[in-house]
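Below is one structure; the comments refer to it alone.
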Amino acid sequence: MTEVAAPELKRAVESQHGGTATLVQAVPVREEFEGKTVWDGVVHVFDLAGHPNAKRAYAWSYERPDGKRRFFAVLHIPPIDSPVNAVRAAIVAEARANQ
């Protein structure tokens, strides 16, 4: 998967959720479901200032089959407490949206 630069993910966090995002770290995440890899990439962790409910956010993107890029920005609000859980929540949300 082709990764995007942290500044693009910072913009995604800020445009989707508001506040000011500051990169903390980038974490490799590999998620499997029923023996198949459903996500294998890097999740960027941002501190988030000025948001009323979250102090942290997780962001990543992937290139869709049509060549367009899909951005994810997930807030650190329970039960989301890690990059892995952010990816899992996004996968579940996309699966439900496509049903």
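At 1.4 Å probe radius, can you tell me the per residue accessible area of the chain in Å²? Can you show the working numbers first?
Working: 6050 Å² over 99 residues.
For the chain, the solvent-accessible area averages 61 Å² per residue.
Relative to the longest principal Cα axis of the chain, at what angle does helix 6-17 sit, 0 to 90 degrees, rounded to 10?
That helix lies at roughly 80 degrees to the long axis.
Nearest 10 degrees, 0 to 90: what angle lies between the long axis of helix 83-97 and the longest principal axis of the chain (Cα atoms)?
60 degrees
Setting aside same-chain residues fewer than 8 positions from K10, which lysines have a Cα under 28 Å from its Cα?
Straight-distance partners of K10: K55, K68.
Rg (Å, one decimal) plus Dmax (Å, integer) for the alpha carbons of the range 2-72?
My reading of the Cα-based Rg and Dmax gives 13.1, 40 Å.
Report D for the range 48-99 in µm² per second (integer): Stokes-Einstein, Kirkwood Rh on Cα pairs, 25 °C, 0.890 mPa s.
Using the Kirkwood radius from Cα pairs, D works out to 203 µm²/s.
Please list, by residue number, every one of the GluC sites (Glu not before Pro) in the range 25-99 that is coil in DSSP and has at most 10 other beta-carbon atoms within 10 Å.
When the GluC sites (Glu not before Pro) of the range 25-99 are filtered for loop state and at most 10 Cβ neighbours within 10 Å, E34 remain.
Let me check I've understood the local charge: for R30, count other residues with C-beta under 15 angstrom from its C-beta, Lys and Arg +1, Asp and Glu -1. What total comes out?
Combined, the nearby Lys, Arg, Asp and Glu give -3.
The values are calculated or read from the model by the stated rules, or taken from the named source; none is laboratory data. Given the structure is predicted, the values throughout are model-derived calculations rather than measurements. Neighbour counts are summed over all protein chains in view; Cβ atoms, including those assigned to glycine, are modelled from backbone coordinates with ideal geometry. For accessibility, only protein heavy atoms count, side chains too; no ligands or nucleic acids. Shrake-Rupley method; radii C 1.70, N 1.55, O 1.52, S 1.80 Å.
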